[in-house]
Amino acid sequence: MAQRSNKTPPVLKKVYQLVGVQLVMAALAMAVIFQHTQQQHEIYDRLGNFHAPSIYYADNLAATLENLIFDLKLNQNSPEKINIRNPSYTIKSQLAAINEIIRQASDPETEKAFQYLQEETQALLKLLQNTDASQHFDNTQLIEALTATRFRATQLSRLHSNLSEQLRELLEQLDRKNTALLINLAVAALLAGGLLLAPLVMIIRRMVKVMEASETSERQLREAAEREKNQMTALLSAMNIGVLFEDKTGLVDFVNPAFLRIWGINADAPISGNPLRNLLEYSPSRFSWPEHASKFVLQVLDTHEISERFEIEFNDGRILTQLSFPVLSDEKGLMGRLWIYEDITLERQTAQQLLYVAEHDPLTGLYNRHRFQKQLDYMLKSAMRNNGRFALLYFDLDEFKYINDNFGHSAGDTVLLRTASEISALVRDVEMFARLGGDEFAILVSLKDGQNLSALPVRIIETIASVPFRLRGSNLRLTASVGVALYPDHAIDAEDLVAHADAAMYHAKRLGKNTWSLYSPEADQSGSMVERMSWSRRIGLALEQNLLELYFQGIYRTDGGGLSHLEVLARIHDPADRSRLIMPGLFIPFAEKTGQIIEIDHRILELSMALLARYPTLPPLAVNISGRSFDDHTLPDFIKNRLMHYRIEPKRLIIELTETEAVSDLGDAQRFIEAISQAGCRVCLDDFGSGFSTFTYLKYLNVDILKIDGLFVRDLKNNRENQLFVQAMATIAQGLHKLIIAEYVENGETLELLQKFGVDFAQGFYLDHPTSQSDMLHKLKI
């Protein structure tokens with residue numbers, strides 16, 4: 001059996017040697033410190049017990065003598081005010097204290113100085129005793145004695161101060177000497193033990209550095225992890241998206257507040273740590289399709305890393321989306337799975353509502369022109385593939401302009417609503433009924449072999465003719481004219497089919513109205529062409545004979561009702577009967593087709609600017625410009641030149657452009673608007689909101705004023721959707737720093753709503769009717 005070795009390790013030997021050296025050096029250092037302490041105490045005793053009191057009493061004696069000298073000089077002419085007795089007692093007591101201290105001193109120079117002071121003081125006291133303050137005395141001799149004694153006291157104080165400084169210097173020398181000795185001992189100890197200490201120090205230093213680095217790294221990692229955890233928790237808590245994390249064993253590890261809110265789970269429910277499959281037991285929500293939901297909710301059925309997007313529908317109408325992601329560690333190991341839920345109910349409802357608004361007429365609820373055009377294109381493609389046939393019925397109300405002009409747009413809206421309701425009852429679900437604008441309607445009907453085509457147009461005519469209307473105490477009955485065009489009999493593309501249905505409708509009007517007509521090429525060439533040529537000639541004659549007349553309608557501020565500016569409205573006198581005014585709804589469409597609208601725009605601008613020049617106090621005028629004028633590159637220069645000619649402030653002229661025309665030709669519209677703006681005129685976008693694309697293109701159209709389409713305003717007080725859209729338009733205008741106008745304001749309730757929504761200006765029959773130039777000037781007292 002091996003014996004245990006008693007040999008001391010070399011490292012321990014060095015440690016023992018180092019400890020021994022350090023003990024010896026420590027003993028020497030203690031001895032030096034003890035000796036130094038003893039010497040310090042002796043010097044401190046001398047300083048504290050002798051010199052400080054001596055200096056104190058010597059200074060007090062000098063101060064007493066100084067005060068007495070001052071008192072003698074001050075009361076030289078009034079000796080009775082001088083008090084000599086009390087200073088005498090003070091001098092005696094101070095001299096006695098100094099004498100007691102001096103006896104302990106062994107310094108010859110100090111003893112000699114005190115002897116002089118004692119002699120001077122005795123002579124002074126003797127002189128003070130022989131002095132009677134009640135009699136006149138020679139104070140000169142007394143002041144000299146006092147001065148000499150004060151000098152001796154000051155000299156003794158100075159000697160004591162010098163001796164104190166010497167003792168302090170001695171103490172400092174002693175400190176330096178002993179400090180140097182201690183340093184030498186320490187250096188010797190270090191030198192003696194350096195060879196043994198160096199390896200230990202290096203090892204300890206390395207160990208300390210490793211420990212510090214490890215501790216620092218661990219602290220930084222811990223702080224970073226805590227910071228990231230807090231940030232992630234705050235972020236997940238603030239999100240509106242529900243987040244759930246399950247660990248790799250299928251237990252719930254984390255849920256954020258949004259998840260609990262979306263699923264209706266109580267925050268106190270014991271969710272964390274429980275199996276994921278039991279989670280839905282805490283939710284009161286019920287699925288619309290339970291069997292379907294049970295296969296997909298919180299289930300991973302695919303092999304993808306990211307699950308497919310799945311929509312969950314609840315029986316309360318809410319809709320959630322579900323996504324799932326695997327969570328992997330750095331070593332590519334599965335840590336768990338992340339589930340994300342988002343409530344898209346509002347987005348889906350908003351999308352459906354926007355889709356509905358984009359495809360439906362806001363007044364009647366029928367499909368609009370945009371949706372009609374899409375359906376027409378679809379039916380054309382389907383009929384081409386299947387060799388099918390369908391009919392397009394195109395109709396409007398006879399003399400509808402009479403209703404609007406005489407009873408107002410509100411009455412016209414009532415007629416349109418009633419018409420749409422009555423005809424909707426005749427149209428089958430497979431047929432499309434749309435309002436294309438104004439009083440124009442269209443129906444798309446699929447045809448089968450042997451189907452009686454005349455049944456539906458006849459029913460439309462009979463139904464409209466049988467509807468009674470009572471407007472302002474008058475009983476009215478309207479009629480309709482229906483035109484029918486067939487695919488592929490009359491046209492094979494959408495544009496021609498619509499044009500031929502329109503031609504057939506006008507042919508029905510020429511037949512006496514209240515009837516229907518099937519498209520006939522001969523009737524189109526003989527009837528429609530004649531009518532277009534007739535209107536072109538009438539418009540040309542009206543321009544040649546200066547039969548164009550301007551009417552004006554005021555636009556007022558909603559905040560105070562004050563007049564802001566006037567809109568210029570065009571009328572022409574019928575060349576065949578100049579007493580008859582032709583409304584713009586009749587001649588403008590033909591003028592745009594023939595290109596005469598450009599000359600009409602020039603003529604209206606010229607008359608408007610001449611009127612502004614003639615009446616400097618006239619409010620600004622707003623003039624409508626046709627979309628055809630975008631192609632007239634000379635029009636902006638024409639406006640600029642006429643403004644200079646008439647010397648008119650450009651801001652007094654407002655140019656109105658129709659939204660649909662501006663958006664349909666955005667490039668030309670941008671160039672035209674920029675040129676008008678450079679001329680200094682303000683630009684107004686008319687019929688804003690009629691095409692929802694304008695919300696996108698508005699940032700490209702640098703206009704100053706937006707005029708809301710009247711379809712949103714006419715029934716504003718009764719139509720919640722229109723209120724939302726008008727309020728949204730006003731908000732957009734305010735955000736873009738643009739003014740906004742609402743037209744077709746026909747009652748006080750509508751005006752109050754517009755003011756509440758932040759609309760700047762209002763226009764309509766409730767505020768003002770179109771008037772002639774003379775009536776307008778008379779009304780404005782110009």
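The values are calculated or read from the model by the stated rules, or taken from the named source; none is laboratory data. Owing to the predicted nature of the structure, the values given are computational and were not obtained by experimental measurement. With ideal geometry, Cβ positions are generated from the backbone for all residues, glycine too; neighbour counts draw on all protein chains shown. SASA here: full protein model, heavy atoms, side chains in, ligands and nucleic acids out. Shrake-Rupley method; radii C 1.70, N 1.55, O 1.52, S 1.80 Å.
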Whole-Hz ³J(HN,Hα) from phi, Karplus 6.51 cos²θ - 1.76 cosθ + 1.60, for region 554-567, glycine and proline x: x, 10, 10, 6, 6, 6, x, x, x, 6, 9, 7, 10, 9
Heavy-atom surface of region 355-532, accessible at 1.4 Å and reported per residue (Å²): 48 Å²
Ranked order, LEU548, LEU251 - accessible area, probe 1.4 Å, largest first: LEU251, LEU548
Simple spin-label estimate for GLN451 and ALA180 in nanometres, 7 Å along Cα-Cβ: 12.7 nm
TRP339, TRP535, TRP516, ranked by accessible area, largest first (probe 1.4 Å): TRP516, TRP535, TRP339
For ILE572, distant residues with modelled amide H under 5 Å away: GLU549, ILE582
Virtual spin-label span in nm between ASP377 and GLN118, 7 Å along Cα→Cβ: 13.4 nm
Residue-span extension gain [ALA27 to MET335] - 0.36 nm each, minus C-alpha spacing: 104.3 nm
Difference of contour (0.36 nm per residue) and Cα-Cα distance, ARG647 to TYR282: 123.5 nm
Accessible heavy-atom area order of HIS490, HIS778, highest first, probe of 1.4 Å: HIS778, HIS490
Share of carbon and sulfur in the accessible heavy-atom surface of region 355-532 [1.4 Å probe, %]: 50 percent
1.4 Å probe accessible area per residue over region 551-782, in Å²: 44 Å²
Inter-site label distance for GLU313 and GLN155 at 7 Å from Cα along Cβ, in nm: 12.3 nm
Positive minus negative residues near MET644 (Lys, Arg vs Asp, Glu; Cβ under 15 Å): +2
Calculated FRET value between ASN702 and LEU581, using beta carbons and R₀ = 45 Å, to 0.05: 0.80
Sparse-neighbourhood loop sites, trypsin sites (Lys or Arg not before Pro) in region 398-489 - DSSP loop, at most 15 other Cβ within 10 angstrom: ARG428, LYS448, ARG472
Extension reserve of the ARG389-ALA269 stretch, reckoned as 0.36 nm per residue once the Cα distance is removed: 36.8 nm
Accessible surface of region 720-782, 1.4 Å probe, proportion on carbon and sulfur as whole %: 52 percent
Förster radius 56 Å - calculated FRET efficiency between GLU223 and GLN727 (Cβ-Cβ, nearest 0.05): 0.65
Computed E for THR216/LEU251 - FRET, C-beta separation, R0 30 angstrom, nearest 0.05: 0.25
